[in-house]
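Right, one structure below, let's go through it.
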Amino acid sequence: MGRTVLERLDRLPRRDLTVLALKGLSTLVPGGWTNITNADQLIQDVIGDTDPALVARIRARADQLSRARAEGYGRALSLYDAVNRSQHAAGGLRVLANLSAGLPLLKRLADVTPPGDTLQAVDLSLKVGSELLAFTQVNGLPGDSFGDFGAALADYAGEARVRMAALICFDALLPLGDQALQKLDSLLGAANRKDLNRLPAYRQMAGLIPGRSDDAHLSFLRRGVDQWLGWAGGFVGELGLTAQGTVQAVESTLGPWQGRMDQFAAFLDAFTDTYAHTGVQAVARRLVERAAAEV
Amino acid sequence: MPRPLRWILGLVVAAGLLLGGALLIPFGDWLPGGTVANVPNQEVVNGTAFNRLFPAPVAGEQLVFSQEKRGFSEARLRRGGELVALLAISDTTTAPEAREKFGSSQNAVAGWPLVEQGSQASALLVGGRFQVKVIGQGDGLDLQARHELLESFDLTALARLRPSLSPVSARKAPATPAPAAIGSAPALAS
């Protein structure tokens, strides 16, 4: 609620840690990435014209659409925000655990923080699941068949390539290693309700995920991830994404990193908003495309 | 019930309501309702009805549906993987001001009024209600190509579309077939 999608787009940072991390990562993705933080510029880009009266009319329509709850644009953003908050909380804990492991008095903290892989896998599945939920909120169920829906999903992912690359690299390859996608299914199989409930975002999202129990939610997330894995595997192969490559690409803008890769992942989780940042941009583009067609 | 207890109970209820309200704030977006321009959904044609009216892609083209909502459906036209145009059909019931621009229209495609918006968008108003639009993307499309695309939509079927009645109003609607036709299956099905 509150701000419309385009207002949020106008408020996105032009240069901060998030933007630098994405800039670095985008060197791995052909076509690159432009950090669009100006709604008028986005509208001009979509309609291929700069007529100020037309731009103003499209903007007014877009704001009207994003205020209509039933249209789902605001809902998608609230999902991204929930996931982003959870990521900050979990990342912050891991950074703290890393720092405190060296101090005798605080050693216990390191024991308390949830260890690695399974939790990371559940976190990733929550992100993929919310991506699917957000997609249906923003785009509806396009087309008349499941094949049409699959094509729409692949098309969307293809346009948001840097967003998907960030999801794969920062949330799968860095913390889980190069074999992350192959390991993911067995890791999720090992996950139980306790792991799920440890994630702050889950408590906020639980009501939105189909199914009535934690176990039903977990199986929904597993199925969502299964769908996504096929696509993501092809994407990783096509671009040759690796954990090492990710570190090098991000080092080109953020500066050198001397530490383990999972520490780097924790650092990025705690201090960047890549998921919400690119999410706002992706939703804004779809919203503007609709508004331009309706005015 | 003693007076202090009543006060305490009252305060507890008030605090509970306040807390409950505060907990619901992040979910405000997920409450039902809130349609575009507050037009009830039943009065707007569902986007599903538009999908089959889009032009069929010729060889070398792909038509990928990208958005479908109440009163709106949009597809991307690609040629050899390259995005060429956005094609959309929308119901102007939620945007009556969109119809105004057709009032001064001098041109027509397939008999329906035509308006150019900027250098890349052509819009057509079909049946006084549905707006069909082609927006050139990437390198852009010239006027001729956009008009040909507009013409290849199934405009006659579009002009005939009406919002499907909700189950409630369908039951209320009087039986339409003439007495003689009752009992013949096709007449009942129509």
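Partner shielding of B:66-79 amounts to 6, given as the average count of beta-carbon atoms from other chains within 10 Å of each residue beta-carbon.
On average over all directions, what projected area in square nanometres does region A:2-96 have, based on the convex hull of its Cα atoms? Before the final figure, lay out the partial values.
Working: hull surface 32.2 nm².
Taking a quarter of the hull surface, the average projection is 8.1 nm².
Just to verify a number: FRET efficiency for A:D226 and A:A89, C-beta to C-beta distance, R0 = 30 Å, to 0.05? It comes to 0.65.
Peptide A:72-78 has a mean shielding of 3, counted as Cβ atoms of other protein chains within 10 Å of each residue's Cβ.
Taking every residue in A:285-293, how many Cβ atoms of other protein chains lie within 10 Å of its Cβ, on average?
The shielding value for this peptide is 5.
Entry note, region B:41-160: relative contact order of 23 percent, from Cα contacts under 8 Å with a spacing of 6+ residues.
Would you mind telling me the share, in percent, of accessible area of chain B contributed by carbon and sulfur at probe 1.4 angstrom?
Here it works out to 62 percent.
Rounded to two decimals, the Cα radius of gyration of chain B over 2.2 N^0.38 Å is 1.53. The distance between label points at A:R14 and A:T136 comes to 4.0 nm (points 7 Å beyond Cα on the Cα→Cβ vector).
Using a 1.4 angstrom probe on heavy atoms only, work out the carbon and sulfur share of the accessible area of region A:140-250 in %. Write out the running numbers ahead of the final one.
Details: 2490 of 4790 Å².
Here it works out to 52 percent.
Per-residue ellipticity at 222 nm computed for chain A from its helices equals -23000 deg cm²/dmol, with DSSP H segments shorter than 4 residues left out and the rest contributing -39,500 (n - 2.57). Can you grab the distance from the C-alpha centre of region A:18-71 to the C-alpha centre of region B:60-84, Å, no decimals? Result: 19 Å between the Cα centres. With the highest mean first, a sort of the peptides A:197-209, A:260-272 on other beta-carbon atoms found within 10 angstrom per residue produces A:260-272, A:197-209.
In the structure displayed, which of A:K23/A:K194; A:K23/B:K133; A:K194/B:K69; A:K23/A:K127 lie more than 26 Å apart, Cα to Cα? Mind dumping the intermediate values first?
Numbers: A:K23/A:K194 36 Å; A:K23/B:K133 35 Å; A:K194/B:K69 37 Å; A:K23/A:K127 21 Å.
Where the Cα-Cα span goes over 26 Å, the pairs concerned are A:K23/A:K194; A:K23/B:K133; A:K194/B:K69.
With heavy atoms of protein chains only and a 1.4 Å probe, what residues of region B:108-155 have at least 20 Å² less accessible area in the full set of chains than alone? The answer is B:Q117, B:G118, B:S119, B:Q120, B:K133, B:I135, B:Q137 - residues whose exposure falls by at least 20 Å² when every protein chain is included.
How much area per residue is accessible in the protein assembly as shown when the probe is 1.4 Å and only protein heavy atoms are counted (Å²)? Please list the in-between numbers first.
Values: 22740 Å² over 485 residues.
Here the per-residue accessible area is 47 Å².
Taking the Cβ-Cβ separation of B:A22 and A:R3 as r and a Förster radius of 22 Å, what is the calculated FRET efficiency to the nearest 0.05? It would help to have the intermediate numbers written out before the result.
On the way: r = 19 Å, r/R0 = 0.88.
After rounding to 0.05, the efficiency reads 0.70.
Using a 1.4 Å probe over protein heavy atoms, the accessible area lost on pairing B with A, summed over both chains, comes to approximately 3500 Å². Computed from label points 7 Å out along Cα-Cβ, the spacing between B:R3 and B:V58 is 8.9 nm.
For the listed peptides A:160-170, A:210-220, A:285-295, B:91-101, a ranking on the average number of other beta carbons within 10 Å per residue, highest first, reads A:285-295, A:160-170, B:91-101, A:210-220.
Taking Rh as the Kirkwood radius, which is the inverse of the mean 1/r over Cα pairs, what is the Rg/Rh value for chain A? List each step's numbers first, then the result.
Numbers: Rg = 19.3 Å, Rh = 19.9 Å.
Rg/Rh for chain A comes to 0.97.
In this structure A:T242 has an accessible area near 50 Å², from a 1.4 Å probe over the protein heavy atoms.
Between A:R260 and A:A154, what FRET efficiency follows from the Cβ-Cβ distance if R0 is 41 Å, with the result rounded to 0.05? Before the final figure, lay out the partial values.
Numbers: r = 34 Å, r/R0 = 0.83.
Step by step, r from the Cβ atoms, then E = 0.75.
The reciprocal of the average 1/r between distinct C-alpha atoms defines the Kirkwood hydrodynamic radius, which for region B:68-120 equals 13.2 Å.
The values are calculated or read from the model by the stated rules, or taken from the named source; none is laboratory data. Keep in mind that this is a model prediction, so the values were computed, not measured. Virtual Cβ from ideal backbone geometry, glycine too; neighbours counted across all protein chains shown. All accessible areas refer to the heavy atoms of the entire protein, side chains included, with ligands and DNA or RNA removed. Shrake-Rupley method; radii C 1.70, N 1.55, O 1.52, S 1.80 Å.
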